[in-house]
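Asker: Dropping the structure in here first, questions after.
The values are calculated or read from the model by the stated rules, or taken from the named source; none is laboratory data. Note that the structure is a prediction, hence the values are computed from the model and not measured. No Cβ is skipped: glycine too gets one built from the backbone with ideal geometry, and neighbour counts run over all protein chains shown. Surface accessibility is based on the protein's heavy atoms, side chains included, excluding ligands, DNA and RNA. Shrake-Rupley method; radii C 1.70, N 1.55, O 1.52, S 1.80 Å.
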Amino acid sequence: KIGYLDDNWYFVVILAVTAGMIWIGHNLIQSKIGRAFMAIRDNENAAEIMGVNLARYKTLAFAINAFYCAIAGGLHTGLVGFIDPYEFGLWPSIWHLLYIVVGGLGSIFGSILGPVALVALPELLRAFAEYRQLFFALVLLLTLIFMPQGLAGAARNYWARRFPAPVPAELEGFVTGTKKIQLTSRHAPVSHDETLLEVKDLSLSFGGLKALQNAHLSMKGGEIRALIGPNGAGKTTFINSLTRVYKP
């Protein structure tokens, strides 16, 4: 008996709260905030260029994560009746990582499927309990090699192959490769004497590190130029300064 509830009713409470948290997560992903989170996950620079405030959304993600952890911790404490610091060691962290990787990163369905699979499998393999850690290490390795998107990604890919989405008639030729795209220019040819881009004395520092110092570049019509140099020479910083990702 747990407080005023017996074990069965407490299970119902946990199940109801879990369903509610899944519903919140699903709606969050579909919202503006969720799209910002996914943009930051895929490419922080691109997200920032599109107007996503990185500091704000990263702080918000941390707060939402703390909210979920607080709910889980409260339910767990009510279940066991006390908090044991040794219960939150290395292996619980590894378990949660396994749940996410095996289930599928960035997927609500995967966050459910991963724990279900990894909790059910040990029950089916009780005879090999002494090889438990080796077994789960093997599961993680095979998942990363053969199912990098986890079980949810594998299921999604299978469903897409089994039931492909219909292709609109006007795009059918492009999908099969029987139609070619003809590119035409709407602009007059550029003179080879016309300067298209000119950069003078471009400099940028990150604290005490001078990533760029008095950089020059000039390009005329018809020219193709390349930035070459070792890692850390400032090539990407130069391009990001031109496109105003950074303010020189």
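Asker: Considering only residues of the range 207-218 that are surrounded by fewer than 12 Cβ atoms within 10 Å (Cβ to Cβ) and modelled with pLDDT of 90 or more, which is nearest to Asn45 (Cα to Cα)?
Answerer: Gln213
Asker: For the range 115-153, name all the residues that are open to solvent by less than 60 Å² (accessible area, probe 1.4 Å), within 24 Å of the chain's Cα centre (by Cα) and either more than 17 Å from Leu97 (Cα to Cα) or not polar (S, T, N, Q) (or both).
Answerer: Once the filter is applied, which keeps residues that are open to solvent by less than 60 Å² (accessible area, probe 1.4 Å), within 24 Å of the chain's Cα centre (by Cα) and either more than 17 Å from Leu97 (Cα to Cα) or not polar (S, T, N, Q) (or both), the range 115-153 yields Pro115, Ala117, Leu118, Phe136, Ala137, Val139, Leu140, Met147, Gly150, Leu151, Ala152, Gly153.
Asker: Still on this model: Filter the range 70-88 down to residues that are small (Gly, Ala, Ser) and either open to solvent by 70 Å² or more (accessible area, probe 1.4 Å) or not in a helix (DSSP H, G or I) (or both), then give me how many there are.
Answerer: 1
Asker: OK, next. Checking the structure you have, find out if any residue of the range 16-35 is at pLDDT 90 or above, of a type in the set (S, T, N, Q) and open to solvent by less than 60 Å² (accessible area, probe 1.4 Å).
Answerer: Yes, the range 16-35 contains at least one residue that is at pLDDT 90 or above, of a type in the set (S, T, N, Q) and open to solvent by less than 60 Å² (accessible area, probe 1.4 Å).
Asker: Among the residues of the range 89-117, count how many are within 17 Å of Leu28 (Cβ to Cβ) and in a helix (DSSP H, G or I).
Answerer: 6
Asker: Find all pairs meeting these conditions: Cβ atoms under 6 angstrom apart; at least six residues apart or on different chains; first residue within the range 130-151 and more than 15 Å from Ala117 (Cβ to Cβ); second residue open to solvent by 100 Å² or more (accessible area, probe 1.4 Å) and outside any loop (DSSP other than H, G, I, E, B).
Answerer: none
Asker: Being aromatic (Phe, Trp, Tyr) and loosely packed, with under 14 Cβ neighbours inside 10 Å is the filter here, so list the residues in the range 6-15 that pass it.
Answerer: Trp9, Phe11
Asker: What are the pairs, 6+ residues apart or on separate chains, where a residue within the range 77-100 that is more than 21 Å from Ser111 (Cβ to Cβ) and touching a residue at least 24 places away in the same chain (Cβ under 8 Å) has its Cβ under 7 Å from a residue that is open to solvent by 100 Å² or more (accessible area, probe 1.4 Å) and small (Gly, Ala, Ser)?
Answerer: Partner pairs satisfying both residue conditions: none exist.
Asker: Looking only at the range 67-114, count how many residues are hydroxyl-bearing (Ser, Thr, Tyr) and under 17 Å from the mean Cα position of the chain (by Cα).
Answerer: Summing the residues that are hydroxyl-bearing (Ser, Thr, Tyr) and under 17 Å from the mean Cα position of the chain (by Cα) in the range 67-114 gives 3.
Asker: Same structure, new question: Quick check on my filter: what residues within the range 28-45 are out of contact with any helix residue (DSSP H, G or I) (no Cβ under 8 Å at 6 or more places or on another chain), part of a helix (DSSP H, G or I) and more than 26 Å from Thr243 (Cβ to Cβ)?
Answerer: Across the range 28-45, the qualifying residue is only Gln30.
Asker: Among the residues of the range 219-242, which ones are loosely packed, with under 13 Cβ neighbours inside 10 Å and in contact with a strand residue (DSSP E or B) (Cβ under 9 Å, 6 or more places away or on another chain)?
Answerer: Within the range 219-242, Gly221, Glu223, Arg225, Leu227, Gly232 qualify.
Asker: Restricting attention to the range 46-66, which residues are open to solvent by 70 Å² or more (accessible area, probe 1.4 Å), in a helix (DSSP H, G or I) and either modelled with pLDDT under 90 or touching a strand residue (DSSP E or B) at 6+ places or on another chain (Cβ under 7 Å) (or both)?
Answerer: Glu48, Ile49
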